[in-house]
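Here's the structure we're looking at; comments come further down.
The values are calculated or read from the model by the stated rules, or taken from the named source; none is laboratory data. Keep in mind that this is a model prediction, so the values were computed, not measured. FYI the Cβ positions are ideal-geometry reconstructions off the backbone, even for glycines, and counts take in every protein chain you see.
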Amino acid sequence: MAYFYDLASGLKERGNTVTLFLIQNGVLPARKNPSDSTLAKLATAGVNILADHLSLQERGIEDNALVDGVASAELDVVIDQMADGVKTLWH
Amino acid sequence: MSEKKTLTFCLMDPPFENARTTTALRLIDTAVRRGHNVNIFAYEGAVGVPFSKQSAHANKVHGFEADEWNHPLPKDWVSEIMKHAEKAGSKVDWINCGLCVDERGMNEAVPGVRRGTPGDLVNWANTSDNTLIIPTK
């Protein structure tokens, strides 16, 4: 996971538009956690961070429990970006 | 929806194993419902996803017969995606890697699935608007 955060951060630093879409258990780090500011730092750096609405619901994570800078989103976002030709990597 | 596009997905996970299969089918279903044409190349264990001999089982521990338990079967999800494509006016082309099928003895698949080779994936990657590989771990 840390590797992919670094990849997102590195791509952003090089001037790319980057979206990190969290899904399945990947949404768990999106919960507010005073001891881990990784996602908040990524959001501050300009990475667009989204968390799959269904994955959040399945795990009982409410929108107000998310780290600042992380937004709940539908899976359609991924398809729309793919249709727009955005390079998509699965981790 | 924006302009109709062609999206290719490569799946590698066998059914009934992990959430990646569910997510992959959710992505494919979303693309189809939005009217895009979708290619799916099933490699390795993923050739079992549309295997037509999957059957629902009972859950005797909880006292349910097979019809009561309503056990979800990925082959039915694939068939539903095919139906959604028909309604949405989009095309789904599902290729199972023939070698992977033979290794596993999984020749029977739901309608709409055909055999192919990894070369088909290369062709699709070269001609599609976008490709997403969902690898196994």
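Numerical summary
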quantity	calculated
Some residue of segment B:90-100 being small (Gly, Ala, Ser) and either under 30 Å from A:Asp84 (Cβ atoms) or in contact (Cβ under 8 Å) with a residue 40 or more places away in the chain (or both)	yes
Residues of segment B:96-137 satisfying the condition of being within 24 Å of A:Ile79 (Cβ to Cβ) and part of a loop (DSSP other than H, G, I, E, B)	B:Val110, B:Gly112, B:Ser128, B:Asp129, B:Pro135, B:Thr136, B:Lys137
Count - residues of segment A:1-33 that are aliphatic (A, V, I, L, M) and more than 21 Å from A:Leu66 (Cβ to Cβ)	2
Residue pairs meeting the criteria (Cβ under 7 Å; at least 6 apart or on separate chains; first within 19 Å of A:Gly85 (Cα to Cα) and facing chain A (nearest Cβ under 8 Å), in segment B:21-41; second part of a loop (DSSP other than H, G, I, E, B) and of a type in the set (Ser, Thr, Tyr))	B:His36/B:Ser90
Entirely in segment A:1-64, the helices (runs of 4 or more DSSP H) that have 2 or more residues that are within 26 Å of B:Lys137 (Cα to Cα) and without any contact (Cβ under 8 Å) to a residue 12 or more places away in the chain	A:2-13, A:53-58
Failed item in (1) assigned to a loop (DSSP other than H, G, I, E, B); (2) touching a Leu at 6+ places or on another chain (Cβ under 8 Å), with B:Pro14 passing the rest	(2)
Members of segment A:71-82 that are within 7 Å of chain B (Cβ to nearest Cβ), in contact with a strand residue (DSSP E or B) (Cβ under 7 Å, 6 or more places away or on another chain) and assigned to a helix (DSSP H, G or I)	A:Val78, A:Met82
Only listed residue being under 30 Å from B:Asn39 (Cβ atoms), at pLDDT 95 or above and surrounded by fewer than 15 Cβ atoms within 10 Å (Cβ to Cβ), chosen from A:Glu62, A:Glu13, A:Glu58	A:Glu58
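Let's see how each residue does on (1) surrounded by 12 or more Cβ atoms within 10 Å (Cβ to Cβ); (2) hydroxyl-bearing (Ser, Thr, Tyr); (3) under 23 Å from B:Lys5 (Cβ atoms); (4) touching a Gly at 6+ places or on another chain (Cβ under 7 Å):
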{"residue": "B:His62", "(1), (2), (3), (4)": "no, no, no, no"}
{"residue": "B:Pro74", "(1), (2), (3), (4)": "yes, no, no, no"}
{"residue": "B:Ile81", "(1), (2), (3), (4)": "yes, no, yes, no"}
{"residue": "B:Glu86", "(1), (2), (3), (4)": "yes, no, yes, no"}
{"residue": "B:Met106", "(1), (2), (3), (4)": "yes, no, no, yes"}
{"residue": "B:Ala109", "(1), (2), (3), (4)": "yes, no, no, no"}
